[in-house]
Amino acid sequence: MLVTQIKPEKEILERISGKNVFVFVCPGCREVYFPQEKVEEFIQSLPADRVRSANLDYLCNREFVKEYIQGYFSEIERADAVLVFSCGVGTQVVSSLLENKIVYTGCDTLYLDGFQGLTVQNFNCDQCGECYLNHTGGICPVTHCAKGLINGPCGGAKDGKCEVNPDADCAWILIYKRLKKLGKLHLLKEILPARNHHKIITESLARKKL
Ligand code: SF4
Ligand code: SF4
């Protein structure tokens, strides 16, 4: 159960404007909070002939999603991009199942009242408040990189393995390979500002007052 909010419309449109999009919506965490109304309004504002969508609770469960997604393969195949409204775990799951498709997230996951209890632990989300998956091909740099680097590798990787944890693949090598495969290496040129830890706290508190 993780708390999410929809990203600024402009930020989502930058990724999907003019494209055929398949949208997944996961309201599985509605008990803690999911911005359902805003998500529906946003989807309705998109050109109907360019958008297909499906609702599915618990996109975080990879085995479940793996089966479910098969019913949509032909529509996904025709789409230029997949957009996911869910917590960071759900987007990572969908991205991992669609190796040849760019998968974007429409949500930021907030650090508030949430717990990652129902998810199978294939992927983690630290609820960082400003999801970076749209820059990294759906691989989380906060949880996957031992140093939580958001603008590229530290340079210490050896044979593809992390210098902090040699048992783990270097997150940034995985990100590079994925973006290369998708023809999206230009995303690496988008230099991100330093993480705003204050944002997590203020936005979470604002949400708590709702
Ligand atoms: S970047 Fe990672 S930690 Fe931050 S919201 Fe996205 S998945 Fe979660
Ligand atoms: S080697 Fe890769 S995963 Fe490890 S800390 Fe450096 S950039 Fe992050």
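The values are calculated or read from the model by the stated rules, or taken from the named source; none is laboratory data. In this text, all values refer to a predicted model and were calculated from it rather than measured experimentally. Counting neighbours? That spans all protein chains shown, and the Cβs are built from the backbone with ideal geometry, glycine included.
Summary table below
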item: Selection within segment 125-183 - of a type in the set (S, T, N, Q), under 22 Å from V89 (Cβ atoms) and assigned to a loop (DSSP other than H, G, I, E, B); result: Q127, T136, N165
item: Candidates N100, N61, N55, filtered to the one that is touching a helix residue (DSSP H, G or I) at 6+ places or on another chain (Cβ under 9 Å), surrounded by fewer than 16 Cβ atoms within 10 Å (Cβ to Cβ) and on the phi < 0 side of the Ramachandran plot; result: N100
item: Filter result for the condition that a residue is among the polar types (S, T, N, Q) and either in a loop (DSSP other than H, G, I, E, B) or modelled with pLDDT of 95 or more (or both), over T119, T202; result: T119
item: Tabulated pairs, segment 135-146, first under 8 Å from I175 (Cα atoms) and free of Cβ contacts under 8 Å to residues at least 12 places away in the same chain, second surrounded by fewer than 22 Cβ atoms within 10 Å (Cβ to Cβ) and of a type in the set (S, T, Y), C-beta under 8 angstrom, 6+ apart or interchain; result: none
item: Criterion: more than 16 Å from ligand 2 (Cβ to nearest atom) and among the polar types (S, T, N, Q) - qualifying residue of Q92, Q36; result: Q36
item: Cross-chain or 6+ apart pairs with Cβ under 6 Å, segment 147-166 first and at pLDDT 95 or above and of a type in the set (V, I, T), then in a loop (DSSP other than H, G, I, E, B) and more than 6 Å from ligand 2 (Cβ to nearest atom); result: I150/Y132; I150/L192
